[in-house]
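Structure first, then comments.
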Amino acid sequence: MSVATESRIDEAGAARKGLPSRTDAGVRGANFRAACATTSLLVAAAAIAACMMYSLGVAARSQAIESELAVQRGLSAFLSSPETATIVLAGTEEAPKARLKLAYDRASGRAMLFGYDLPLPPPGRAYQLWYIAAGMPLAGRVFAPDASGRGSWDEDVPAEGREASVFAVTLEPAGGVATPSGPMVLKSVSLS
């Protein structure tokens, strides 16, 4: 009896008994190996994708930190410059605990405001900074503190206001005004 005939008899007997033939088992084994290989490739691809996403996140975070560091270095250089004057504004009876520090460079006009303990303005109202030079008020930044009464704001001092010797903050309509009309909330008490 030939091997081919023997194989057919074995397969016929296995089929009658409800058992898988060698051919079926071989096909199933090949399918199983292919499924395992495919699963392994999918797991590897998912791991590579996860690593790439993590790397992109780290790179983006690193770039954000470098940007923030550059901002902080610039702020530090500005505040420590001998050309930067610091003015302290104290609260009036309208807001006795309020304080504001104004740091500005008279040459460039760059300025920063730092507010502390400022009451929240009523709806539709905001604070407005004024530069008073030769007795004339010049409109500055309109601002509002956060819920804790604090804030920091960038400002560009107008050329006419760079020689101001008096500074004040009033409570004005939220969009600001050309001349002060509201109550004075802060006024300058020292200049350095």
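Read the figures in this text as sums done on the coordinates, not as results from a lab. Just so we're clear, the structure is a prediction, and the values are computed from it rather than from any experiment. Cβ placement follows ideal geometry from the backbone for every residue including glycine, while neighbour counts extend to all protein chains displayed.
Just a few scattered comments:
- Residue list for the range 144-189, restricted to those being under 21 Å from PHE78 (Cα atoms) and within 31 Å of the chain's Cα centre (by Cα): ARG150, GLY151, SER152, TRP153, ASP154, GLU155, ASP156, VAL157, PRO158
- Scan of the range 117-132 for residues that are crowded, with 17+ Cβ neighbours inside 10 Å and either assigned to a strand (DSSP E or B) or among the acidic types (Asp, Glu) (or both), ordered by number: ALA126, TYR127, GLN128, LEU129, TRP130, TYR131, ILE132
- Answer from ARG106, ARG141, ARG150 - the residue that is surrounded by fewer than 18 Cβ atoms within 10 Å (Cβ to Cβ), within 24 Å of SER80 (Cα to Cα) and without any contact (Cβ under 8 Å) to a residue 40 or more places away in the chain: ARG150
- Filtered residues of the range 80-102 (kept if out of contact with any Lys or Arg (no Cβ under 9 Å at 6 or more places or on another chain) and either touching a residue at least 40 places away in the same chain (Cβ under 8 Å) or more than 27 Å from LEU120 (Cβ to Cβ) (or both)): SER80, SER81, PRO82, GLU94, ALA95, ALA98, ARG99, LEU100, LEU102
- Tally of residues being outside any loop (DSSP other than H, G, I, E, B) and within 19 Å of LYS101 (Cα to Cα) across the range 158-192: 15
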